[in-house]
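**Q** Sharing a structure with you now.
The values are calculated or read from the model by the stated rules, or taken from the named source; none is laboratory data. All values derive from a computational prediction rather than experimental measurement. Quick reminder, even Gly has a Cβ in these numbers, built from the backbone with ideal geometry, and neighbours come from all protein chains shown. Quick note on the areas: whole protein, heavy atoms, side chains included, nothing else; ligands and nucleic acids left out. Shrake-Rupley method; radii C 1.70, N 1.55, O 1.52, S 1.80 Å.
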Amino acid sequence: MSNLNNKKTSNINQSVTNGGRKKLLLMGRSGSGKSSMRSIIFSNYSAFDTRRLGATIDVEHSHLRFLGNMTLNLWDCGGQDVFMENYFQQQKDHIFQMVQVLIHVFDVESTEVLKDIEIFTRALTLLKKYSPDAKIFVLLHKMDLVQLDKRQELFQIMMSKLRDTSTAYGFPEIVGFPTSIWDESLYKAWSQIVCSLIPNMTQYQKNCKEIANIMECRELILFEKTTFLVVCSNEMKYNGDNNTAGLISQQQQQQHNGLDPKRFEKISNIMKNFKQSSVKMKSSSFKSLIMRNSGIYVCELTSNLMCFIVLKDPSQQEQLVLNNIKRIQKYFS
């Protein structure tokens, strides 16, 4: 492993440093699970804790700092019909102006699919008028209630319909995810949603790649400290023969490396639970976790970031690793 003292890597602050305020609309009909997922991701609730949540009344506003220089203004819009009509009639210019992202949640067990899609199209119509550059994400939620071998088929059918609908209303770049509060799928969805708003993501990715190479990491993952959402990552590439290395897909690459394609969201879920357990045990604020025999280091990188490092060589000197982690802090501050 190299010492980072003499290595040159760009500071994040040399890129765009003021992410500003980002308005996110969280919409969907009553009972679709909007507030439950918001509470799990942003308020450290467990899936079991969400059972005590009541219905959202009108709009609940959350102001969430993300990576220190970006504020997420999350508008959790109650889904009862009376509130929906109010959003679309009396409050439309207030609700739908200056929106960066719409996250629309669909309950896959809903018996009123046409009504669900109608609400979605009305939201798209107003977004096109007031926030035409908004990004659209749809979460097909409560997938745990669908038979396992039917989930992918249902997801594809619903996404095909929603993509056609969204395109017809002027938003062809819709992105969808199957989600459940009972597994790690929420973290994958929300990581991609939030990271789509980070203006200097390219610099994060570049620094992450350079540092992973310098520190000889099998993998380096950066998580936002509060939510444990993935910000970026870099993994060691498969060293196949020359005829193969350039042809394999990302999934094949991960299989060659022995990596689980769902590892990011699984790690997010595990670390969030570990953090919650530490709080319940009245431990001090979680700072680091070292698994020496495996060469795994989970450490606070900045006041906003945690790093998850897997070394190629677990026998590397622990103090050298920890010193290098301290030195890379300035590149993400």
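**Q** Could you check how many residues of the range 128-149 are in a helix (DSSP H, G or I) and exposed (fewer than 12 other Cβ atoms within 10 Å of the Cβ)?
**A** Initial filter on the range 128-149 (in a helix (DSSP H, G or I)): 128-130, 143-145, 148-149.
Those left that are additionally exposed (fewer than 12 other Cβ atoms within 10 Å of the Cβ): 148-149.
Number satisfying all stated conditions: 2.
**Q** Here are Ile198, Ile181: which of them is over 19 Å from Val105 (Cα atoms) and assigned to a loop (DSSP other than H, G, I, E, B)? If you could, list the steps in order and put the result at the bottom.
**A** On the way: Ile181 fails: over 19 Å from Val105 (Cα atoms).
Selected residue: Ile198, the only one of Ile198, Ile181 that is over 19 Å from Val105 (Cα atoms) and assigned to a loop (DSSP other than H, G, I, E, B).
**Q** In this structure, does Val105 turn out to be at pLDDT 95 or above and in a loop (DSSP other than H, G, I, E, B)?
**A** Details: at pLDDT 95 or above: yes; in a loop (DSSP other than H, G, I, E, B): no.
Criteria not met by Val105.
**Q** Quick test for you: out of Ile193, Ile181, Ile198, pick the one residue that is open to solvent by 30 Å² or more (accessible area, probe 1.4 Å) and farther than 30 Å from Asp313 by Cα. If you could, list the steps in order and put the result at the bottom.
**A** Working: Ile193 fails: open to solvent by 30 Å² or more (accessible area, probe 1.4 Å); Ile198 fails: open to solvent by 30 Å² or more (accessible area, probe 1.4 Å).
Testing whether each residue is open to solvent by 30 Å² or more (accessible area, probe 1.4 Å) and farther than 30 Å from Asp313 by Cα leaves just Ile181.
**Q** Could you identify the single residue in Phe66, Phe106, Phe155, Phe83 that is out of contact with any Asp or Glu (no Cβ under 9 Å at 6 or more places or on another chain), among the aromatic types (Phe, Trp, Tyr) and on the phi < 0 side of the Ramachandran plot? Spell out how you get there, then give the answer.
**A** Working: Phe66 fails: out of contact with any Asp or Glu (no Cβ under 9 Å at 6 or more places or on another chain); Phe106 fails: out of contact with any Asp or Glu (no Cβ under 9 Å at 6 or more places or on another chain); Phe83 fails: out of contact with any Asp or Glu (no Cβ under 9 Å at 6 or more places or on another chain).
Every option except Phe155 fails the conditions.
**Q** Also, I was wondering about something else. Here are Ile267, Ile157, Ile198, Ile211: which of them is of a type in the set (A, V, I, L, M), at pLDDT 90 or above and under 23 Å from the mean Cα position of the chain (by Cα)?
**A** Values: Ile267 fails: at pLDDT 90 or above; Ile157 fails: under 23 Å from the mean Cα position of the chain (by Cα); Ile198 fails: at pLDDT 90 or above.
Ile211 is the lone residue from the list that is of a type in the set (A, V, I, L, M), at pLDDT 90 or above and under 23 Å from the mean Cα position of the chain (by Cα).
**Q** Now a separate question. Kindly indicate whether any position in the range 16-36 is over 21 Å from Tyr87 (Cα atoms), aliphatic (A, V, I, L, M) and modelled with pLDDT of 80 or more.
**A** Looking through the range 16-36, none of the residues is over 21 Å from Tyr87 (Cα atoms), aliphatic (A, V, I, L, M) and modelled with pLDDT of 80 or more.
**Q** Confirm whether Ser185 is over 27 Å from Gly20 (Cβ atoms), among the small types (Gly, Ala, Ser) and at pLDDT below 95.
**A** Numbers: over 27 Å from Gly20 (Cβ atoms): yes; among the small types (Gly, Ala, Ser): yes; at pLDDT below 95: yes.
For Ser185, the condition - over 27 Å from Gly20 (Cβ atoms), among the small types (Gly, Ala, Ser) and at pLDDT below 95 - is met.
**Q** In addition: Among residues belonging to the range 21-76 that are in contact (Cβ under 8 Å) with a residue 40 or more places away in the chain and of a type in the set (Ser, Thr, Tyr), point out the one that is surrounded by the fewest Cβ atoms within 10 Å (Cβ to Cβ).
**A** Top of the filtered list is Ser46.
**Q** Looking at Val82, is it at pLDDT 75 or above, open to solvent by 50 Å² or more (accessible area, probe 1.4 Å) and over 23 Å from Met143 (Cβ atoms)? I'd like the intermediate steps shown before the answer.
**A** Numbers: at pLDDT 75 or above: yes; open to solvent by 50 Å² or more (accessible area, probe 1.4 Å): yes; over 23 Å from Met143 (Cβ atoms): yes.
Criteria met by Val82.
**Q** Among the residues of the range 270-306, write down those that are assigned to a helix (DSSP H, G or I) and either of a type outside the set (S, T, N, Q) or modelled with pLDDT of 85 or more (or both).
**A** Within the range 270-306, the subset assigned to a helix (DSSP H, G or I) is 270-280, 292-294.
Hits for the range 270-306 are Ile270, Met271, Lys272, Phe274, Lys275, Val279, Lys280, Arg292, Asn293, Ser294.
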